[in-house]
Every structure is written in C-alpha cells, then in structure tokens.
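Colleague: Supplied in structure tokens, the structure appears directly below.
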Amino acid sequence: MKKLVLFSAGVAVSLSAVAQFKQKEMPYPYEALEPHIDAATMRVHYNNHHAGFANNLNTILASHADWKDKDIVFLLKNLERLPAEIQTPVRNNGGGFFNHCFWWEMLAPAGTAPLSDKMKEVIAKHFESFEKFQAEFTKAGLARFGSGWIWLVKDKDGKLSIVSTPNQDNPLMDPARKDDTPVLALDVWEHAYYLKHQSKRADWIAAYWNVVNWKKVEELYFGK
C-alpha cells in the first residue's frame, strides 16, 4: 500500500546485523511544539516509550525467521497468522511502534501546517462542519476509557469516520477495516501528556488541536 509505505519497517535485513524496526529521527526538535506539548514529554515519549516498543518488537521476532523481515503494516494486518505465543506481544509492541511512527508525523509546530480550505471542505462534507468533526473527535478522546488512540480513517470510497481503539491497537488490526487508511491520530495515553497536563485530558486534547499537521492529513487523504 503506497500510502502507508512511509511507516514500513524498511529494507528486510537480518536482525543479527541490524534491527529491523528502527525509529525515524524526529521531524522537528523536541521543543518545537511548545507551549502546547513540552520538550520534556517529547523526550520521554520518543526515547523511552517509542524506543521501548521498537526494541521489544525486534526481540520478540528475532527467533521467528518467517516473520522477522516482514514490514510493520503486513504484521499488523496479519496478526492472526502469527504463532499463537507472539500474537499478543506483536499486537502490543508492533501497534506501539506503528502508532508512534504515525504520531510524530501527525504533529507540526503551531502555524506551520494549517488546515487548507480543501481539506476543511472534505471534513465538513462528512461531519456537516469542521467544528462538528472537531467536537466529535474530542468527545471520542474524552470517552476513551483508560489508554488508547482516536483515529480519523478514510475508507476505499473516501468516506471519513472516527475510530477509537484501546491500548496500542489501531485500525490496521481490524479485518473489517483492511481497506481503510488512517489520516489523523490522537494519542490519549497518559504518557503523551501527563508531565504537562497531569490528569486533565481535556486540556491535552485542546492543546493538541494547535499542533496538528494538516498538510500530512491532506497528503494521506488525497495521496501523493
């Protein structure tokens, strides 16, 4: 899937030489999203949480020659085909790896990737108005019990819908959504915001809207 190759693990190589699943460099400095997302949170989130998912996934797959060289999208779309003993670990850590690769590109310094009239019109077509979409997306974020993610996905006909997933799950794991494309995501795990906003998830979501990379959303919706 060309639209998702950006989040592929890359070239298939032996894990004995180079880890298959590696983090990309951050597309901006840690402090670039301030004051909406603080540098301390970005460092911990990227260097501890995201790195942990990548390292765990490499370790889990190291002894599974049939699977260790598959890209992340393939793995997440075929979890039921994995050996039973690694299905849940790959779901958790592979999901965390993919979700965070996606997450960093969903963000941009405030004012640098604004919502275009073209994308705003598309969103309004499916949700009556951009404001109603924003309210529904925010509501889903507040309603997500515990940790998880909120997604805006496009189906094969271009229809947009909001999806809420628990833990590090994502729409790629849902067979009913195998043809859907994620175009926007919101991380509502506490590690994404606790250092700055503590337990105030509503404040976190309000801050998030200031740093959405709408240029990337548009690119994912329309394709390159």
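The values are calculated or read from the model by the stated rules, or taken from the named source; none is laboratory data. Bear in mind the structure is a predicted one, so any value in this text is a computation, not a measurement. No Cβ is skipped: glycine too gets one built from the backbone with ideal geometry, and neighbour counts run over all protein chains shown.
Colleague: Do we have Phe98 as touching a residue at least 24 places away in the same chain (Cβ under 8 Å), in a helix (DSSP H, G or I), closer than 29 Å to Leu184 by Cβ and in contact with a Leu (Cβ under 7 Å, 6 or more places away or on another chain) here? Write out each step before concluding.
Modeller: Numbers: touching a residue at least 24 places away in the same chain (Cβ under 8 Å): yes; in a helix (DSSP H, G or I): yes; closer than 29 Å to Leu184 by Cβ: yes; in contact with a Leu (Cβ under 7 Å, 6 or more places away or on another chain): yes.
It is true that Phe98 is touching a residue at least 24 places away in the same chain (Cβ under 8 Å), in a helix (DSSP H, G or I), closer than 29 Å to Leu184 by Cβ and in contact with a Leu (Cβ under 7 Å, 6 or more places away or on another chain).
Colleague: Which residues, counting only those in the range 180-204, are closer than 22 Å to Asn92 by Cβ and among the β-branched types (Val, Ile, Thr)?
Modeller: Val188
Colleague: Tell me the residue from Leu76, Leu57 that is in a helix (DSSP H, G or I) and touching a Leu at 6+ places or on another chain (Cβ under 7 Å), please.
Modeller: Details: Leu57 fails: touching a Leu at 6+ places or on another chain (Cβ under 7 Å).
Step by step, each of Leu76, Leu57 is checked, and only Leu76 is in a helix (DSSP H, G or I) and touching a Leu at 6+ places or on another chain (Cβ under 7 Å).
Colleague: Here's another thing I want to ask about it. (1) under 22 Å from Asp38 (Cα atoms); (2) in contact with a Phe, Trp or Tyr (Cβ under 8 Å, 6 or more places away or on another chain): which one isn't true of Leu82, the others all being true?
Modeller: (1)
Colleague: Being surrounded by fewer than 23 Cβ atoms within 10 Å (Cβ to Cβ) and within 15 Å of Trp104 (Cα to Cα) is the filter; apply it to the range 189-207 and report the residue that is farthest from the chain's Cα centre (by Cα).
Modeller: Here the residue is His191.
Colleague: Still on this structure, please answer the following. Taking the stated definitions as given, is Thr88 part of a helix (DSSP H, G or I) and either at pLDDT 95 or above or in contact with a strand residue (DSSP E or B) (Cβ under 9 Å, 6 or more places away or on another chain) (or both)? Write out each step before concluding.
Modeller: On the way: part of a helix (DSSP H, G or I): yes; either at pLDDT 95 or above or in contact with a strand residue (DSSP E or B) (Cβ under 9 Å, 6 or more places away or on another chain) (or both): yes.
The answer is yes for Thr88.
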